[in-house]
Amino acid sequence: MAEEKAISNDSRIVELLELLASNQMNAQAEQVKQMCDYVGTLEKQINSMTEEIKSARQELVSMKEDTISEHVKDSLKKAADAMQKQCGSLRQQVTQLKEKICNKAGKIVDAAKRKGQRALYKITQVTGMRKKLDAIKSKVDQAIDRVESLEKAAGEYRGQQEKNRPAETPLLEYAVAEPQAEYGAELFEQYQREHGAGQMAGAAGRTVMQEVEKSR
């Protein structure tokens with residue numbers, strides 16, 4: 001996976017920070033720096049989740065059918081697929097917002113060159129995007145919880161295979177609704193709300209639980 005270009009290295013951001021510093025607008029410059037760090041943190045979290053999902057998938061593939069039923073294994077794989085799509089959606093949202101921030105920064109820099117310092121007070125058009133980043137961060141945190149549940153489920157069944165006995169506790173938290181292709185970059189959580197994610201997750205969890213009981 002190619003590493004994203006850090007927003008702080010974008011020429012439009014660099015030039016904006018230089019202009020803010022030269023005009024003694026240090027507080028505004030610090031806000032921009034903090035927002036750039038925030039974007040970088042979100043990108044790292046999403047990349048980390050993607051790698052964790054990949055690792056969980058590989059673990060599922062290596063599991064033998066005599067220690068985990070095909071249905072349970074398929075359910076876990078579908079959960080991993082759904083989470084992978086959600087990570088892709090979140091990555092796209094961060095990338096799009098990052099470009100909007102840089103574009104706004106570039107426009108402010110151009111205006112400041114023509115009109116002077118007064119144009120720099122439009123910096124709120126950049127720093128005001130922090131709220132949108134907060135909304136994405138909330139969804140990233142939720143996704144992290146789901147990925148941890150998936151890893152825990154895979155680990156439980158891996159332990160079952162190694163000990164050659166059924167897992168002691170069936171895990172239900174990994175069960176999530178699978179987003180449909182036509183939703184594209186729309187939020188994974190929106191699909192869940194529209195299609196009754198709670199009921200779908202519960203049904204999937206009960207199915208897994210039944211399969212585990214059969215294997216005991």
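Quick note: the coordinates plus some simple rules give every number you see, no bench work behind them. The structure presented is a predicted model; accordingly, all values stated were derived computationally and were not measured. Cβ atoms come from the backbone with ideal geometry, glycine included; neighbour counts cover every protein chain shown.
Below is a table of values for the structure above.
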quantity: GluC sites (Glu not before Pro) within the range 1-96, DSSP loop, no more than 11 other Cβ atoms inside 10 Å; calculated: Glu3, Glu65
quantity: Point-to-point label distance, Gln117-Thr95, nm (Cα→Cβ direction, 7 Å offset); calculated: 4.0 nm
quantity: Projected label distance in nm at Asn23 and Lys131, using a 7 Å step from Cα toward the beta-carbon; calculated: 2.3 nm
quantity: Additional length obtainable on full extension of the chain from Glu51 to Glu148, 0.36 nm per residue less Cα span; calculated: 33.7 nm
quantity: Cα-derived Rg to Rh of the range 1-125, Kirkwood definition; calculated: 1.24
quantity: Cβ-based net charge around Val109, under 12 Å, with every Lys or Arg adding one and every Asp or Glu removing one; calculated: +3
quantity: Ascending count of other beta-carbon atoms within 10 Å, so fewest first, for Arg158, Arg146; calculated: Arg158, Arg146
quantity: In nm, spacing of pseudo-spin labels at Asn103 and Asp141 (7 Å Cα→C-beta vector); calculated: 2.9 nm
quantity: Neighbour cut-off at most 16 other Cβ (10 Å), DSSP loop, trypsin sites (Lys or Arg not before Pro), the range 1-90; calculated: Lys5, Lys64
